Structure formats: structure tokens, C-alpha cells
Amino acid sequence: MNQSNIEFLQSLITIDSTNPPGNEAAVTELFKTRCEQNDVPYEITDLGNNRNNFSVTLTAKDNTEDKLLLSGHTDTVKIGAQQWQYGPFAAAIDNGKLYGRGTTDMKSGLAALYLALESLYKEGFTPTKNIEFLATAGEEVDSIGAEHYVASTNMDNIKAIIIAEPTSEKVVVGHKGALWIEVTLTGKTAHGAMPEQGINAIEGMNKVLNLVDELKEEWLEEQAPLGKSSISANLISGGIQTNVIPDSCTLNVDIRSVTPNLHEKLYSEFTERLEAIFSAENSPEVSTKILLNRATVLTEEDESIITSALDVANANEVSGVSYYTDGSVLNPDSNIPTLIYGPGIETLAHQPNEYVEVDAFERSIEYFKKLIKVYTG
């Protein structure tokens, strides 16, 4: 057991970087201190409002622009109202498990990536590709860190990405995409005793719900290893008061896709069908907007980063996950081979009493170190 590595992870967990508001600068300050203690060069990108990205680069021995990107995020989701067995920022260890917000999603994976690269740096390892460790702000809300990185970086130089989200140490080649659409119906108010004088936006929303039901079958796709696509209506609001015909109603629709580069087509078809449904006279006006667009990410099993990952793991099977990652921003067209692998347990993400097994954390450091050597050695 490497006590220094475990204490470093515990220090990360004690920092409240729940998002909103994020305050990820406190996490990167800890990385900065660690780097300075070990003479590791680093770079901090200020994003404002106590938020930033943090990066460390190990330069290739040849004059190449090719890069392996090691990626993770520094923010976590909020705590929630449920009581925790241990404080969410106490970083308590009990029976081989380290408890706290972000232990599984994904400070353990983030720390493991960094510690693997730090170890290689201290050993004097010189890779055939540049290796960049990137800790991003904001993945849990708006991916502000990943968005900034893409806008300021030549992504063509990146030949593979490793994202250390929780996978229970499985080799994961992709994740579902998420498209959230807000539908707003605008009708006309009237007295509740004279409904014929108004246009009822809430009742009109029944037609939208019926369309969602139809699309559950029409749009159903299955893609190994990601599983099945889905569409669901998950949030609704509308009305003024009981005796007033409502002139506004809003519905949020959640689409999870398993095929890359499909969201533009889905959104176009969805809006066209809504406009046709509400084209009749005295229908509510309909409008839509995209609330969130996270692309499906899927990498072929024969890509070098995946075959190397399987070899190092002594595994012969790949998996997929349902949640989305910063890979949706870093690799929206699935053009960059992307591996998702981490010590966290995906079913514990965003849960009270979140934990990571200490042994899994330590194994992942060695795993990433071996994988980097295999892929860039």
C-alpha cells in the first residue's frame, strides 16, 4: 500500500467541489502543490469564478505533435438531503473502502491518471507520443473546462483519449449520448368557467406525450455494447391557478442515443412532427430548444488503445456505459479512439455513501502506468 497516494486522494475528497458552483480551483491548487513537491511542470488555465483547468505534459522523445490525452473532471454533483454514514468530505476509510463525494465519480480515477504520469515522469520515461494529463472543470453541469480545451487546442494531434470515469475496472469503449429538449406550448388564458374562450396549453401537452410514446418504438435502436436507446418525458410545468385556463406549459424530454452523430436528425424530426401536430387553427403555438446535447461516443474494438487496454487488463471483452462523459465534448464525432476505464463503481456515482475500494484505486495507478508504456513506449 502506497500511503502517500492514498493520502493524496483523501486530500482531494476533503475539498468541496460540488457543482454548482464548482470551485474547482481548490482541487487544482492541490495538484499544483503536488507537482511542485515533485518538480513536475504544470499549467493552469483560468476560467474565471474560481474555476480552472489543470494540465501536465510529458513530452515525446521525437519532434512529434501526436498526443495521448488523459482526461478527468474535478467537480462533483451536490450532496443531497440523505444522511451519510461518514461525512461526504471526511474521506474516511473503513474496511478497505474510502468514502466521500467524488470517490467513485471521479476523483479516484483522476488521481490515478495523474499519479501514473507522475511516476513515469520521475522514472525519466520518454514516450513516443506527447502525453497530456487534463483535469477539467464543470463536467457535471456544462463541461466548461472541456469546451474551453477544445476551443483552444488542435484536436487533430490527439491520437487517443483515456477517460478515468468509473467502470469497475472494465475496458469501456463508449457511452450513450444525451439530448434534452424543452417543449413549450403557448395558448391563451380564459376564465376556468369558460374554457372555450381560451386555448389550454396543459391539455395540448397530451399530444406531445403521445408523440413521445410513439417514438419509444419508432426510434428504438440497439448498439452493442451500449445497449438500447430511449426517450422519456421527465419534467413538466404549467398553469397559473386553478380557475384560469393555462396559456403556457413546458415539458422536458430526455433522449438517450446509442448511434453516433444522430442528434441533429432526431431534433429535426421531433420539431417537424410537433409543428405538424399543432398546425391546426386554435392550437397552441409550439416551440422547442435544446437544453443539453452530449454526443454518443463509440470506439471500434480493434483500435490500438483498446487492444492495448485489453492486453494490460488481461481481458478479452469490452463494455459500454449509460452515463455520458467529457468525451462527448472532446470527441463528439467519435473520430478519436477513446478508452473509458476507472477504479470507481459506476452504480455508486451520485449516491449517498459513495466510495471507492482502496485496492482498486491502487491497481488503477499501476494499470494506467503499464497502459501508457505499452501505448506510447
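Before moving on, here are some points about what is shown:
- Residue check, A315 more than 14 Å from the chain's Cα centre (by Cα) and not hydroxyl-bearing (S, T, Y): yes
- Tallying residues that are in a loop (DSSP other than H, G, I, E, B) and in contact with a helix residue (DSSP H, G or I) (Cβ under 7 Å, 6 or more places away or on another chain) within region 220-261 yields 4.
- Matching residues in region 292-339 - criterion: being in contact with a helix residue (DSSP H, G or I) (Cβ under 6 Å, 6 or more places away or on another chain) and of a type in the set (D, E, K, R): R294, D326
- Filtered residues of region 156-189 (kept if more than 27 Å from K289 (Cβ to Cβ) and either free of Cβ contacts under 8 Å to residues at least 60 places away in the same chain or surrounded by fewer than 17 Cβ atoms within 10 Å (Cβ to Cβ) (or both)): D156, N157
- Test: residue in region 58-77 that is acidic (D, E) and modelled with pLDDT under 95: yes
- Any hit, region 58-75, residues being under 19 Å from the mean Cα position of the chain (by Cα) and of a type in the set (V, I, T): yes
- Subset tally (residues that are at pLDDT below 95 and within 22 Å of the chain's Cα centre (by Cα)) for region 80-109: 1
- With a requirement of 2 or more residues that are of a type in the set (K, R), the helices (runs of 4 or more DSSP H) lying completely within region 262-377 that satisfy it span 263-277, 358-376.
- Among the candidates A116, A90, residue that is surrounded by 18 or more Cβ atoms within 10 Å (Cβ to Cβ) and assigned by TED's automatic domain parsing to the domain that holds L310: A116
- Residues that are in contact with a Lys or Arg (Cβ under 9 Å, 6 or more places away or on another chain) and of a type in the set (S, T, Y) number at least 1 in the following strands (runs of 3 or more DSSP E) confined to region 1-116: 51-58.
The values are calculated or read from the model by the stated rules, or taken from the named source; none is laboratory data. All values reported here derive from a predicted model rather than from experimental measurement. With ideal geometry, Cβ positions are generated from the backbone for all residues, glycine too; neighbour counts draw on all protein chains shown.
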